[in-house]
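Worksheet: one structure, shown below.
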Amino acid sequence: MKKYINDTGKSTITHYEIGQEFIRVKFQKELLEYDNITHSKVHVDKMKTLAVNGRGLARYITRHVADGRRINFAEPTKFQSFKSLFSMLLFLK
């Protein structure tokens, strides 16, 4: 994830990650994802621009976008890690 510039020093956003069809925004206490399926592409593209510019992203989200999908960014458990590895092995067959 890239560090959010936050040139005013007042934002609750700390980091962001941009994908082709989504943006993930890390706030101080949670990580949310906004994508082209649940949110309009226009909103997602605008949030990407604001994130790169480091200004106005939190305000835009508050005013124009419904809640994003909450992402759990805790360390994966051993079972989750095993499940992911097993899934990849099945995919490679």
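Here's a check for you: in the stretch 37-61, which residue that is modelled with pLDDT under 90 and of a type in the set (S, T, N, Q) is nearest to the chain's Cα centre (by Cα)? Give the derivation first.
Of all residues in the stretch 37-61, those modelled with pLDDT under 90 come to 37-40.
Subset that is of a type in the set (S, T, N, Q): 38, 40.
Details: Thr38: 13, Ser40: 15 Å.
Looking at residues that are modelled with pLDDT under 90 and of a type in the set (S, T, N, Q), I get Thr38.
For the stretch 63-74, does any single residue satisfy the condition of being modelled with pLDDT of 90 or more, under 18 Å from Glu21 (Cβ atoms), under 15 Å from the mean Cα position of the chain (by Cα) and of a type outside the set (Gly, Ala, Ser)?
no
Could you count how many residues in the stretch 1-51 are in a helix (DSSP H, G or I) and touching a residue at least 40 places away in the same chain (Cβ under 8 Å)?
So the answer is 1.
The values are calculated or read from the model by the stated rules, or taken from the named source; none is laboratory data. Because the structure is a prediction, the values reported are computed rather than measured. For neighbour counting, all protein chains shown are included, and Cβ atoms are generated from backbone atoms with ideal geometry for every residue, glycine included.
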